[in-house]
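Participant: Attaching a single structure in structure tokens format; questions to follow.
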Amino acid sequence: MADACPNCDQELLEEHAFCPSCGQAVIVEDSVRSFLSHFLSDYFAFDSKIGRSMRPLVLKPGFLTNEFAIGRRVRYIPPLRMFIFLSLFFFVVLGFTSGSGAVMDPDRLQEQVFWDRFFGSVLPKMVFLFMPCLAGIIHLFYHRKGPFLIAFVASMHFHAFVFLVFGVYGIISKLFQLGGAIAVNQWLISALCAYTLFYLWRSLQVIFKEPPWMNTVKFLGAVVVYLMLLVAASVLTVYLLS
Ligand SMILES: [Zn+2]
């Protein structure tokens, strides 16, 4: 074993498996076989991080933000990376599923061009404003219960959740639409919207631990302010685009 880290020259002790300064593994692989096995274990560690992060992101509102708040961070995908990755996923799905490809009359075509522009270039930019806005709104209502960073992480996790479930919905609804079962989509989207509201309420409860009635009042306040902001931004964009 080396006495000093080959990467940064930090002195190493017998019990160190990783350099305490730069994090490089103390045993540097010297064969293709160990090189490949390290690569694969890194790869699958990332894979297990995805599994460990996505399930609670969908099924356990507030859990990931709470884990972040108490300092358990490395075992999950970092919130900002998750937010950016899932927003890309959502807009890729949106790109593939929007537009019917059928021949349309000029009025419909103009409308289509408008919505393509709205979803393709305006919405993705607006979302990067909405995320910090919701963080600000949450902090406004819950600032006695934690620092702004926690409200910020809560907002990133909430939006990541929205992108994931509505992205998956986009794929599923396209399949139903192609199969001619549009009624199923109406049910699905209603159920999803209801779950999304519940999800935010439950997240705030889990993260900030207010009494349920107080949490409900604050949640309603936050939702009203956030929806007003969404509507105002959408109206403004539609006005600017047309
Ligand atoms: Zn080192």
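Participant: In degrees between 0 and 90, to the nearest 10, how far off the longest principal axis of the chain does helix 106-117 point, with axes built from Cα atoms?
Facilitator: 30 degrees
Participant: Please work out whether segment 174-242 counts as rounded, prolate or oblate from its C-alpha gyration tensor, where a ≥ b ≥ c are the square roots of the eigenvalues and a/c under 1.5 means rounded, while otherwise a/b larger than b/c means prolate and anything else oblate? List each step's numbers first, then the result.
Facilitator: Details: a/c = 3.86, a/b = 1.33, b/c = 2.91.
Cα axes put segment 174-242 in the oblate bin.
Participant: Cysteines without a disulfide-compatible partner in the chain, using Cβ under 4.7 Å as the rule?
Facilitator: C133, C193
Participant: How much length would be gained if the chain were fully extended between F39 and F148, taking 0.36 nm per residue of separation minus their Cα-Cα distance, in nm to one decimal?
Facilitator: On the way: separation 109, 0.36 × 109 = 39.24 nm, distance 3.73 nm.
Computed gain between F39 and F148 is 35.5 nm.
Participant: Through the Karplus equation 6.51 cos²θ - 1.76 cosθ + 1.60, θ set to phi - 60°, convert the phi angles of segment 165-171 into ³J(HN,Hα) values in whole Hz; use x for Gly and Pro.
Facilitator: Going residue by residue, I get 5, 6, x, 5, 4, x, 5 Hz, with x marking Gly and Pro.
Participant: By how many degrees, between 0 and 90 and to the nearest 10, does the Cα long axis of helix 32-59 differ from the longest principal axis of the chain?
Facilitator: Result, in degrees: 40.
Participant: Which far-off residues, 5 or more places away or on another chain, put their amide H under 5 Å from the one on N7, with H placed in the peptide plane?
Facilitator: Counting only residues 5 or more places away or on other chains, the set is empty.
Participant: OK, next. With n ≥ 4 as the cut-off for DSSP H runs, can you work out [θ] at 222 nm for the chain, using -39500 (n - 2.57) per run divided by the number of residues, rounded to the nearest 500? Don't jump to the answer; show the numbers that get you there.
Facilitator: Details: 8 runs with 174 residues, N = 242.
Calculated at 222 nm, the ellipticity per residue is -25000 deg cm²/dmol.
Participant: Whole-Hz ³J(HN,Hα) for each residue in segment 66-79, computed from phi via Karplus 6.51 cos²θ - 1.76 cosθ + 1.60 with θ = phi - 60°, x for glycine and proline: what do you get?
Facilitator: 4, 4, 4, 5, 8, x, 8, 10, 5, 6, 10, 5, x, x
Participant: Anything over 25 Å Cα to Cα? Flag those among K125/K209; K60/K209; K60/K174, in the order listed.
Facilitator: On the way: K125/K209 32 Å; K60/K209 15 Å; K60/K174 27 Å.
Flagged as over cut-off: K125/K209; K60/K174.
Participant: Sticking with this structure for a sec: Could you tell me the ratio Rg/Rh of the chain? Both radii from Cα atoms, Rh via Kirkwood. Let's see the in-between values first.
Facilitator: Numbers: Rg = 23.0 Å, Rh = 21.2 Å.
Value, to two decimals: 1.08.
Participant: Further question: Once both axes come from the Cα atoms, what is the angle between helix 182-208 and the longest principal axis of the chain, in degrees from 0 to 90, rounded to 10?
Facilitator: Helix 182-208 and the main axis of the chain meet at about 50 degrees.
Participant: Mind putting a number on the dipole of the chain about its Cα centre? Charges go on the C-beta only, +1 for Lys and Arg and -1 for Asp and Glu, and I need it in Debye to the nearest 20. Provide the component values of the computation, followed by the final result.
Facilitator: Working: 18 positive and 15 negative charges, 219 e Å.
So the magnitude is around 1060 debye.
Participant: To the nearest 0.05, what FRET efficiency results for V92 and V223 with a Förster distance of 25 Å applied to their C-beta separation? It would help to have the intermediate numbers written out before the result.
Facilitator: Numbers: r = 28 Å, r/R0 = 1.12.
That gives a FRET efficiency of 0.35.
Participant: Starting from the amide H of F18, placed 1.01 Å from N in the peptide plane, find each other amide H under 5 Å away whose residue is 5 or more places distant or on another chain.
Facilitator: Close amide H contacts, sequence-distant or interchain: V26.
Participant: Now for a separate question. Please list the three semi-axes, largest first and in whole Å, of the ellipsoid equivalent to segment 135-206, using sqrt of 5 times the eigenvalues of its alpha carbon gyration tensor.
Facilitator: On the way: eigenvalues 213, 26, 9 Å².
Over the Cα atoms of segment 135-206, the ellipsoid semi-axes are 33, 11, 7 Å.
Participant: Related question: Could you state the number of Å between the C-alpha centres of segment 194-213 and segment 1-45?
Facilitator: Segment 1-45 and segment 194-213 have Cα centres spaced 43 Å from each other.
Participant: With viscosity set to 1.002 mPa s and temperature to 20 °C, compute the Stokes-Einstein D of segment 1-59, Rh being the Kirkwood radius across alpha carbon pairs; µm²/s, no decimals.
Facilitator: Working: Rh = 13.5 Å.
This corresponds to a translational diffusion coefficient of 159 µm²/s.
Participant: Select from L13, L240, I171 the residue farthest towards the positive end of the dipole of the chain; place +1 on Cβ of Lys and Arg, -1 on Cβ of Asp and Glu, and compute about the Cα centre.
Facilitator: Working it through, the farthest residue towards the positive pole turns out to be L240.
Participant: Still on this structure: Step through the residues of segment 211-227 one at a time and calculate ³J(HN,Hα) from phi using the Karplus curve (6.51 cos²θ - 1.76 cosθ + 1.60, θ = phi - 60°), rounding each to whole Hz and writing x for Gly and Pro.
Facilitator: For segment 211-227, the Karplus-derived couplings read x, x, 5, 5, 4, 5, 4, 5, 4, 4, x, 5, 5, 4, 4, 5, 5 Hz, x marking Gly and Pro.
Participant: Let me ask another. Contact order normalised by length for segment 48-241, with contacts defined as Cα pairs under 8 Å and 6 or more residues apart; what percent is it? Walk me through the intermediate numbers first.
Facilitator: Values: 145 pairs, mean separation 59.4, N = 194.
Reported relative contact order: 31 percent.
All of the numbers you see were taken from the coordinates with simple rules; none came from a lab. None of the values given here were measured: they were computed from a predicted structure. Cβ sites come from the backbone with ideal geometry, for glycine too, and all protein chains shown count toward neighbours.
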